[in-house]
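The values are calculated or read from the model by the stated rules, or taken from the named source; none is laboratory data. None of these values were measured; they are calculated from a predicted model. As a convention, Cβ positions derive from the backbone with ideal geometry for all residues, glycine included, and neighbour counts pool all protein chains shown.
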Amino acid sequence: MKNISIIAKVTGNVNTRQFESGAIGGRMPVLVSESWTSQDGAEQKRETPLTVEVWNNLALACSNNLKEGDSVFVDGDLELRSFTDREGNFRATLVIRARSVTFLGQVAGSYLRVRGIGNLGRDPEMRYTDSGVAVTNFSVAFNRRYTDSAGERQEDTQWADVSTWNGTAENCNQYLRQGSKVYIEGNRVEADVWQTKEGEDRASLRITAGSVQFLDRAANGVTAGVSSGDGEGDEMPW
């Protein structure tokens, strides 16, 4: 499971298409813009572009009612999609398979929260920054079940690189190991594009987690942190 909820601005047209199966699919670009003041008083800003994928009646409703600049609340499953553009460049994009889209009009403000239950693919790796802040990284495998446009039940596994900070990072490094089951919550997602030593293009999903709950009995219910700032249908081939 890897669920995401956002409040975002629509940044372009809702493009729809009818497939041979009769299903109607739509895509719309959105942007989550967040601003805050850091501990040293500096103004910070982060923008997260995403693509929202909608189907059938929801696709038609979005196409008929939404325009650029409108705000929406979207709930759905988060995926990382990689592709090669027309110029031959390898790229990656964050896609939400929407279960629901609520039209908010011209409401100001943004929100992003990603949640998921999965298992660690490797032992955590912890380091300290030059300023002494603990950072722990580990990979998590999320299993997803969905129904495709033909009505068939499907299942796949998606991976994410998870980063944790401060006390959460130290607890994760102490209690978690490869195979551990965890529930994570985060407010930052990124699509990373990189190359292997052999020059092969790769893409990965990165989640910054503010809260990690240990679900294995061996962890005795320890919670590593708290959130305190620390689809339907086939994949559209267009």
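This table checks each residue for (1) touching a strand residue (DSSP E or B) at 6+ places or on another chain (Cβ under 6 Å); (2) surrounded by 19 or more Cβ atoms within 10 Å (Cβ to Cβ); (3) basic (K, R).
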position	(1), (2), (3)
V52	yes, yes, no
W55	yes, yes, no
A61	no, no, no
N64	no, no, no
G69	no, no, no
L78	yes, yes, no
S82	yes, no, no
R86	no, no, yes
Q106	no, no, no
Checked V95, V140 against criteria (surrounded by 16 or more Cβ atoms within 10 Å (Cβ to Cβ) and closer than 15 Å to L50 by Cα); the one match is V95
What residue, of T48, T16, is more than 17 Å from the chain's Cα centre (by Cα) and either in a strand (DSSP E or B) or polar (S, T, N, Q) (or both)?
T16
Just give me the residues in region 160-194 being modelled with pLDDT under 95 and basic (K, R), in sequence order.
R188
Could you tell me which numbered condition K9 fails, if it satisfies all but one of (1) loosely packed, with under 15 Cβ neighbours inside 10 Å; (2) at pLDDT 95 or above; (3) of a type in the set (K, R)?
(1)
For region 195-238, give me each residue that is among the hydroxyl-bearing types (S, T, Y), in contact with a Gly (Cβ under 8 Å, 6 or more places away or on another chain) and modelled with pLDDT of 55 or more.
T208, S211
Answer yes if at least one residue in region 102-120 is more than 29 Å from E47 (Cβ to Cβ) and over 19 Å from the mean Cα position of the chain (by Cα), and no otherwise.
no
Examine region 65-87 for a residue that is aromatic (F, W, Y), outside any loop (DSSP other than H, G, I, E, B) and at pLDDT 95 or above, and state whether such a residue exists.
yes
Is there a residue being part of a strand (DSSP E or B) and charged (D, E, K, R) anywhere in region 123-134?
yes
State whether one or more residues within region 144-159 are modelled with pLDDT under 85, surrounded by fewer than 11 Cβ atoms within 10 Å (Cβ to Cβ), in a strand (DSSP E or B) and basic (K, R).
yes
Some residue of region 35-49 being among the aliphatic types (A, V, I, L, M) and at pLDDT 95 or above:
no
Output the residue which, of all residues in region 12-33 that are farther than 16 Å from T93 by Cα and of a type in the set (D, E, K, R), is surrounded by the fewest Cβ atoms within 10 Å (Cβ to Cβ).
E20
